[in-house]
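Could you have a look at this structure, given as structure tokens, before my questions?
The values are calculated or read from the model by the stated rules, or taken from the named source; none is laboratory data. On a predicted model such as this, the values are computed, not experimentally measured, just so you know. Here the Cβ positions follow ideal geometry from the backbone for every residue, glycine too, while neighbour counts run over all protein chains shown.
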């Protein structure tokens, strides 16, 4: 197998549409923008996924967005200092500034 070749059938157009919607909902403009924060490789950052890779990323993004929608993680952060929250967000690739 040549370097950068995908192993398996390519993702369907429906999977790609769903991925693009989830990537946008996560706050990224495109796959390249999401490469670092989501841990995508160069091929994936170019928008080329196998069906299995697409399914795995869709499940991951849906579970992450579902957790945010429930608000459960936020309720547990009430006693955490703002500076610690900001440091963790920066570690995850977010830009943090005071209002």
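Return yes or no: is residue 60 under 19 Å from residue 92 (Cβ atoms), modelled with pLDDT of 90 or more and loosely packed, with under 15 Cβ neighbours inside 10 Å?
Answer is yes for this residue.
Out of the residues in the stretch 72-95 that are outside any helix (DSSP H, G or I) and farther than 23 Å from residue 40 by Cβ, state the one that is modelled with the lowest pLDDT.
Applying the filter and picking the extreme gives 76.
Which residue pairs have Cβ atoms under 8 Å apart, sit 6 or more places apart or on different chains, and have a first residue in the stretch 67-94 that is more than 26 Å from residue 33 (Cα to Cα) and a second that is at pLDDT 60 or above?
Correct list of pairs: 77/85.
If residue 29 passes every condition in (1) at pLDDT 90 or above; (2) surrounded by 13 or more Cβ atoms within 10 Å (Cβ to Cβ); (3) more than 24 Å from residue 8 (Cα to Cα) but one, which one does it miss?
(2)
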